[in-house]
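Enquirer: If you scroll down you'll find the structure; I have some questions about it.
The values are calculated or read from the model by the stated rules, or taken from the named source; none is laboratory data. From a predicted model like this one, the values you see are computed outputs, not experimental measurements. Here the Cβ positions follow ideal geometry from the backbone for every residue, glycine too, while neighbour counts run over all protein chains shown. These accessible areas exclude ligands, DNA and RNA; they are computed on the full protein's heavy atoms, side chains included. Shrake-Rupley method; radii C 1.70, N 1.55, O 1.52, S 1.80 Å.
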Amino acid sequence: MTTTQTAPKETGTGNMAPQTFNNLINGQWKPAKSGKTFQNLNPADPSDCIGTFPASDAQDVQEAVEAAKKAYDAWRLTPAPRRGEIIFKAGQILMERKEQYAREMTREMGKVLAETRGDIQEAIDMCFYTAGEGRRLFGHTTPSELQNKFCMSLRMPIGVCGLITPWNFPMAIPSWKLIPALIAGNTVVLKPASDTPLSSLRLVEVLQEAGVPEGVINLVYGSGSTVGNPLIDHPDVRLISFTGSCEVGRSVNERCAPNFKRVSLELGGKNAAIILEDANLDLAVEGIVWGAFGTAGQRCTATSRVIVQKGIHAELRDRLVKRINGLKLGYGLEKGIDVGPVVNESAMNKILEYIEIGKKEGQLLTGGERDTAAGAGWFIKPTLIDNINTKHRIAQEEIFGPVTALMPVADLDEAIHVANDIEFGLSTAIYTKDVNKAFRALRDLEAGITYVNAPTIGAEVHLPFGGVKNTGNGHREAAETALDIFTEWKACYVDYSDRLQRAQIDHN
Ligand code: NAP
Ligand code: MG
């Protein structure tokens, strides 16, 4: 039988008392075999500990992979519509618990309540969208070149999947991997980011409660080196789906190569919004501020470059500074807060180093420092830097914090050139009222996603999500394209002629 974690307890401060959480292996919640743990801290107030989680290692991974392997046959043979019903039910339970889980998520990673509600909603959307896939999982039928022969192609599950996820969408990203993996009949071992262990546990608990059998989902906590690497290296893990930085993604890719392990990689971004002279400037300002400073800039799709046509540079600059100065920093559970802290101290220090580089490369317009008045946590003032060009580091390297840069250009041609002059290719946006220019941008911007008159963030679960160039290795999450990650094609031929028929040979 499965066991659930105990319910959180209220403390006098309105926060929950720290709890001890465990791995989920073969339907049992259990500590790491080594007995080691790590803490999950609140980035808005690092003295607030949410709980301790197991610091697992290769022994725990071994047990989890064995459980997933054992559960695979029964799960792959469970009719896909039945798997879909379980996933649908999980979506319903998530809807009921949305507020609780959103509050917990703000506490464990910092983004404001409206955004953590959105994160849970994305998992709900993924459940409802994917549940229907249980009655589709379409293959193809096609004519044979021979008489009395039937041809079709089917999607088959892959086996045990290792899922490694980042902290910036603590429930949404695990759901993007888990839910499509499950609908296709795979079993999984999930290793979530150590900065946000609780939200992935909630998702797994809900899926269990909805009826996912034991061993089908296993959850193992711990660092990239002690849990991530043994998971990647394990011969019984047939697929690794990784979302995170380019640096780690490259090493994941290399580790998968010797065994030809299937690997999907969703990596970094350095996303540009192009603002042309005919744009609705009010709309552009709102889109830039939301795109650059939502989640304190810690989104793979964050607007970290604002490419502006020269004629409106000064006006956009002044309007942005005014709007940014009105943003309120603080603990995301409090009312009226626009921007929360960044995820941890080392992230804060890295972002502050980039700000120092930016101050030398261009002109600091606002922000540019830590905000201790906002709280004891890792707060950085929303920062805008002016007069940056493609040679600057600020224009090339992913900062992953509340920092964006203005890059003036002469016209659309130059704007597209500047936007594309980068190693990444995740998201892009263009603000213009000229339909011809909008369509040129849709065609010419090198990115997996392009928005017209909308910010660089705002993906919906039924469209393909992912990037070109160094943002990934060509896969697309979400939509039906996620099935291309989590299934293999099988070609099936049924000859009902009752005689030997030879393809290509019996051709006249
Ligand atoms: P990260 O440092 O690369 O970590 C991602 C995950 O990999 C975490 O679970 C981490 O574990 C684990 N990990 C770290 N080192 C590892 C190793 N050597 N082997 C195996 N696993 C390892 O990224 P992050 O800081 O969590 O997330 C931010 C990055 O993710 C940014 O670059 C952002 O652009 C990218 N991102 C991309 C997308 C997309 O869809 N394209 C979406 C969101 C985020 P620990 O938690 O223990 O470190
Ligand atoms: Mg935390």
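Enquirer: Looking at (1) in contact with a Phe, Trp or Tyr (Cβ under 9 Å, 6 or more places away or on another chain); (2) in contact (Cβ under 8 Å) with a residue 24 or more places away in the chain; (3) more than 21 Å from Leu267 (Cα to Cα), which is the one condition that is false for Asp506?
Expert: (1)
Enquirer: Pairs needed: first member in the stretch 123-141, crowded, with 22+ Cβ neighbours inside 10 Å; second member anywhere, of a type outside the set (Val, Ile, Thr) and part of a loop (DSSP other than H, G, I, E, B); C-beta distance under 6 Å; at least 6 residues apart or different chains.
Expert: Ala123/Met171
Enquirer: Turning to a different aspect of this structure: Could you tell me whether the stretch 357-367 includes any residue that is more than 25 Å from Ser427 (Cα to Cα) and charged (D, E, K, R)?
Expert: Scanning the stretch 357-367, I find at least one residue that is more than 25 Å from Ser427 (Cα to Cα) and charged (D, E, K, R), so the answer is yes.
Enquirer: Can you list residue pairs whose Cβ atoms sit under 6 Å apart, with the first residue in the stretch 238-254 being under 15 Å from Pro170 (Cα atoms) and open to solvent by less than 50 Å² (accessible area, probe 1.4 Å) and the second being within 16 Å of ligand 2 (Cβ to nearest atom) and not hydroxyl-bearing (Ser, Thr, Tyr)? Count only pairs 6 or more apart in sequence or on different chains.
Expert: Close Cβ pairs satisfying both conditions: Thr243/Pro166; Thr243/Ile173; Gly244/Pro166.
Enquirer: Another question about this same structure. For the stretch 42-52, how many residues are touching a strand residue (DSSP E or B) at 6+ places or on another chain (Cβ under 6 Å), of a type outside the set (Val, Ile, Thr) and surrounded by 18 or more Cβ atoms within 10 Å (Cβ to Cβ)?
Expert: Residues in the stretch 42-52 being touching a strand residue (DSSP E or B) at 6+ places or on another chain (Cβ under 6 Å), of a type outside the set (Val, Ile, Thr) and surrounded by 18 or more Cβ atoms within 10 Å (Cβ to Cβ): 3 in total.
Enquirer: Give the stretch 278-297 a look and list any residue that's closer than 10 Å to Tyr431 by Cβ and buried (at least 17 other Cβ atoms within 10 Å of the Cβ), or say none.
Expert: Taking the stretch 278-297 first, the residues closer than 10 Å to Tyr431 by Cβ are 278-281, 283-285, 287-288.
Once the filter is applied, which keeps residues that are closer than 10 Å to Tyr431 by Cβ and buried (at least 17 other Cβ atoms within 10 Å of the Cβ), the stretch 278-297 yields Ala279, Ala284, Val285, Gly287, Ile288.
Enquirer: A follow-up question, please. Are any of the residues in the stretch 196-211 within 16 Å of ligand 2 (Cβ to nearest atom), at negative phi and surrounded by fewer than 24 Cβ atoms within 10 Å (Cβ to Cβ)?
Expert: The answer is yes; a qualifying residue exists.
Enquirer: Go through (1) aliphatic (A, V, I, L, M); (2) part of a helix (DSSP H, G or I); (3) within 13 Å of ligand 1 (Cβ to nearest atom) for Ala181 and report which single condition fails.
Expert: (3)
Enquirer: State all residues of the stretch 53-71 that are in a helix (DSSP H, G or I) and either surrounded by fewer than 22 Cβ atoms within 10 Å (Cβ to Cβ) or of a type in the set (Lys, Arg) (or both); if no residue qualifies, say none. Give the derivation first.
Expert: First, the residues of the stretch 53-71 that are in a helix (DSSP H, G or I): 58-71.
Residues satisfying the conditions are Ala58, Gln59, Gln62, Glu63, Glu66, Lys69, Lys70.
Enquirer: Which residue pairs have Cβ atoms closer than 6 Å, lie 6 or more positions apart in sequence or on different chains, and pair a first residue in the stretch 197-209 that is within 14 Å of ligand 1 (Cβ to nearest atom) with a second residue that is part of a helix (DSSP H, G or I) and open to solvent by less than 10 Å² (accessible area, probe 1.4 Å)?
Expert: Close Cβ pairs (under 6 Å, with a partner that is part of a helix (DSSP H, G or I) and open to solvent by less than 10 Å² (accessible area, probe 1.4 Å)) amount to Leu198/Glu108; Ser199/Met105; Ser200/Pro174.
Enquirer: Test each condition in (1) closer than 24 Å to Asp73 by Cβ; (2) within 14 Å of ligand 1 (Cβ to nearest atom); (3) surrounded by fewer than 20 Cβ atoms within 10 Å (Cβ to Cβ) for Gly224 and report the one that comes out false.
Expert: (1)
Enquirer: When the stretch 400-423 is examined, which residues are found to be open to solvent by 10 Å² or more (accessible area, probe 1.4 Å) and under 27 Å from Trp378 (Cα atoms)?
Expert: The one that is open to solvent by 10 Å² or more (accessible area, probe 1.4 Å) and under 27 Å from Trp378 (Cα atoms): Phe400.
Enquirer: When the residues of the stretch 84-110 are narrowed to those that are of a type in the set (A, V, I, L, M) and more than 16 Å from ligand 2 (Cβ to nearest atom), which ends up most open to solvent (accessible area, probe 1.4 Å)?
Expert: Step one: filter the stretch 84-110 for residues of a type in the set (A, V, I, L, M), giving 86-87, 90, 93-95, 102, 105, 109.
Now narrow it down to the ones that are more than 16 Å from ligand 2 (Cβ to nearest atom): 86-87, 90, 93-95.
On the way: Ile86: 7, Ile87: 2, Ala90: 1, Ile93: 15, Leu94: 0, Met95: 108 Å².
Out of the qualifying residues, it is Met95.
Enquirer: On to the next question. State all residues of the stretch 148-175 that are open to solvent by 20 Å² or more (accessible area, probe 1.4 Å), more than 16 Å from ligand 2 (Cβ to nearest atom) and in a loop (DSSP other than H, G, I, E, B); if no residue qualifies, say none.
Expert: Passing the criteria: Asn148, Ile158.
Enquirer: Considering the stretch 481-497 alone, what residues qualify as being in a loop (DSSP other than H, G, I, E, B) and either open to solvent by less than 90 Å² (accessible area, probe 1.4 Å) or free of Cβ contacts under 8 Å to residues at least 12 places away in the same chain (or both)?
Expert: So the first thing to find is which residues in the stretch 481-497 are in a loop (DSSP other than H, G, I, E, B), and the list is 481, 496-497.
Answer for the stretch 481-497, where residues must be in a loop (DSSP other than H, G, I, E, B) and either open to solvent by less than 90 Å² (accessible area, probe 1.4 Å) or free of Cβ contacts under 8 Å to residues at least 12 places away in the same chain (or both): Thr481, Ser497.
Enquirer: Please determine whether any residue of the stretch 1-20 is modelled with pLDDT of 95 or more and either within 21 Å of Cys127 (Cα to Cα) or not assigned by TED's automatic domain parsing to the domain that holds Gly118 (or both).
Expert: So far as the stretch 1-20 goes, yes, one or more of its residues are modelled with pLDDT of 95 or more and either within 21 Å of Cys127 (Cα to Cα) or not assigned by TED's automatic domain parsing to the domain that holds Gly118 (or both).
Enquirer: Within the group Lys98, Lys111, which residue is of a type outside the set (Ser, Thr, Tyr), within 16 Å of ligand 1 (Cβ to nearest atom) and within 20 Å of the chain's Cα centre (by Cα)?
Expert: Being of a type outside the set (Ser, Thr, Tyr), within 16 Å of ligand 1 (Cβ to nearest atom) and within 20 Å of the chain's Cα centre (by Cα) holds for just one of Lys98, Lys111, which is Lys111.
Enquirer: Just name the residue that is farthest from Gly269 (Cα to Cα) out of those in the stretch 361-396 that are within 29 Å of the chain's Cα centre (by Cα) and either of a type in the set (D, E, K, R) or not assigned by TED's automatic domain parsing to the domain that holds Gly330 (or both).
Expert: Asp371
Enquirer: Now for a different question. When the stretch 424-443 is examined, which residues are found to be buried (at least 16 other Cβ atoms within 10 Å of the Cβ) and not in a strand (DSSP E or B)?
Expert: If the condition is that a residue be buried (at least 16 other Cβ atoms within 10 Å of the Cβ) and not in a strand (DSSP E or B), then Phe424, Gly425, Leu426, Thr432, Lys437, Ala438, Arg440, Ala441 are the ones that fit.
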